[in-house]
Amino acid sequence: MTADSSLPLLVRIAALAVVAVFLQIGVISEVPVFGVSVDISPLLVCFLGLLCGSVLGAIGGFAIGLLVDLLLLQTLGLTSLIFTVLGYWSGRLRELRDPQAALTPLLVGAAGSAAAMLGYSLIEFLLGVDAPVSLELLREIVVGVVVNTLVALPVWAIVRRSLAGSLPDDPRRRRRRAYTTGGLSPLSRA
Amino acid sequence: MYDKSVRRRRAVLAALVVLSLILLTAYFGEAPGGRLHSVQRGFLTVISPIQDGANKALKPVRDLLGWAGDTLHAKGQRNQLVKQVDRLRRQLVADQAEKQSYRELLALYHLDSQLSIGNYHPVTATVVGKSPNIWYATVTIDKGAADGLRVNDPVINGEGLVGKVVQVASDGAQVSLLTDSTFGVSARLSASGATGIVQPRVGDPNDLLLQYLPANTRAQPGDYVVTSGTVSSGDDSLYPPGIPIGQVTSVNEESAFRSVNVHPLADLHNLDVVQVLTAARSSLPANLSRLAASLPPGQSAAGGASAEQLASTGGGR
């Protein structure tokens, strides 16, 4: 992927990230669902990795995390670290497994949300934030993961639609190509 | 080619992780006025107008979502409050019933102490059924022959005479109220001592008529009417004297005999606890007769009880 070909994709990712983060901070965080707020930022990072691969996933995760930390006056680097790993992991999942199941985004979103929340809690504890480990905290994490999972599919659809056309290797296009470029078609084997 | 790609990917990841850790460590370690904090505040200062604009632009969306959330929350709260109201209403009804029972028992206790009702072997019973028609002429109580009740035993409550027993089963009895058309009891005006017969007033289930009074009887509204302690007919019980029946509301002078309208003192619509005087026929305490005979005009009705005492037993309405 050359710099010229990846520029539109980077612009789209940046625009999507900025809109998503502002939307998250301005609207979504203020509407509690079952007592917790939906957090689309880990979903966005996971889906970036799932669509763009591990490198762009990690870079996107780092940038989105940094933006979140800057806007919310949080500990700088905290969200970046978590989202970098998250974006990289989901990108590697695509590169290694290339999952095509319809429920893949749902599972990836759930796993990503859970990893992000647990990662936050773990690093906050490591940094010495004086918050007791309680059932309430556990409940919030579980409910947060469930709520994020519920919105994973719509977020996936929006992210994929926003990046469609600029993706380096669209899975659908790849499958189509596989059947038409010889050697891989079941018909040619027969 | 593959190795280069892998190396590049790992290098990117390592660089970003290291950068994040450096940021994290530096930010966490520096003072609030440090360089990274300043950068963060500066960024926020720059981005604030954009954020404000975005906030304003997104406010309708936020309000819409908030409205939806609030509506759902309000519905949940409403259901919760409805349940709470139901529970409190049931509790209130139970409390009111208990309060009413307590009040009636207290009134009965006062009447007992004033009229020495204990000499008539009273049996306390609870009203378990009422006649469904609008006249409320009969009620069913939860005591019967097994408790010593017999037909024609007088029935009282804390306010005064209620009626008499008309049917007895082993564990229950039917009581005919004062306002039943078949009811009649000899009574006298507490003020003048004139005697007559109290019967229900035709066409008015809430009113009684004390009739067959001598023509020269002086009566005025507010006078109390009490049982005279004599038999009005062969079938009637011998009501103990001095039990309050009602209060004169008006005087009729259109016939040879004088009659007065009497409003019953007992609230026959809200009976809960009553007493059946099971030994009324055989017992006539001398003190009751004496007290009934010495009632001061316009003052008392219940065997020497003062107007205040009557009021305390519900007789002063």
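Each reported figure results from applying straightforward, stated rules to the coordinates on display, with no laboratory input. All figures in this text were calculated on a predicted structure; none of them were measured in a lab. A quick note on method: Cβ atoms are made from the backbone with ideal geometry, for glycine too, and the neighbour counts reach across all protein chains shown.
List of remarks:
- Given their separation in residues at 0.36 nm each and the Cα-Cα distance between them, B:V128 and B:R103 gain 7.2 nm when the chain is fully extended.
- Put simply, the amide H of B:S250, placed in the peptide plane, has neighbours under 5 Å in B:N261, leaving out anything fewer than 5 places away on its chain.
- With neighbours defined as other Cβ atoms within 10 Å of a residue's Cβ, the residues B:W67, A:W156 order from fewest to most as B:W67, A:W156.
- B:S48, A:S37, B:S190, B:S176 arranged by Cβ crowding within 10 Å, fewest neighbours leading: B:S48, A:S37, B:S176, B:S190
- Spin-label model, A:S37 to A:L73: label points 7 Å out along the Cα-to-beta-carbon direction sit 1.4 nm apart.
- Taken along the Cα-to-beta-carbon direction at a fixed 7 Å, the label points for B:S38 and B:L72 span 4.6 nm.
- Potential lengthening between B:R150 and B:A11 on full extension [0.36 nm per residue; Cα-Cα distance subtracted]: 39.4 nm
- For region B:42-50, Karplus couplings with θ = phi - 60° (6.51, -1.76, 1.60), whole Hz, Gly/Pro x: x, 4, 5, 4, 5, 7, 4, x, 5
- Filter on B:K99/B:K130; B:K83/B:K143; B:K75/B:K130 - keep pairs with C-alpha separation over 31 Å: B:K83/B:K143; B:K75/B:K130
- In a reduced charge model with +1 at each Lys and Arg Cβ and -1 at each Asp and Glu Cβ, region B:2-61 shows a dipole moment near 300 debye about its Cα centre.
- Ranking of A:C52, A:C46 by count of other Cβ atoms within 10 Å, fewest first: A:C52, A:C46
- Under the convention that each Lys and Arg Cβ holds +1 and each Asp and Glu Cβ holds -1, the size of the dipole of region B:100-202 around its Cα centre is about 280 debye.
- Couplings for region A:73-83, taken from phi via the Karplus curve 6.51 cos²θ - 1.76 cosθ + 1.60 with θ = phi - 60°, read 6, 8, 4, 5, x, 5, 5, 4, 4, 5, 6 Hz in order; Gly and Pro are left as x.
- Length released on extending from B:S250 to B:L88, taking residue separation times 0.36 nm less the Cα-Cα span: 54.0 nm
- Phi-based couplings in Hz for region B:108-113 (Karplus 6.51, -1.76, 1.60; Gly and Pro marked x): 4, 4, 4, 5, 4, 6
- Neighbour cut-off at most 16 other Cβ (10 Å), DSSP loop, trypsin sites (Lys or Arg not before Pro), region B:91-158: B:R150
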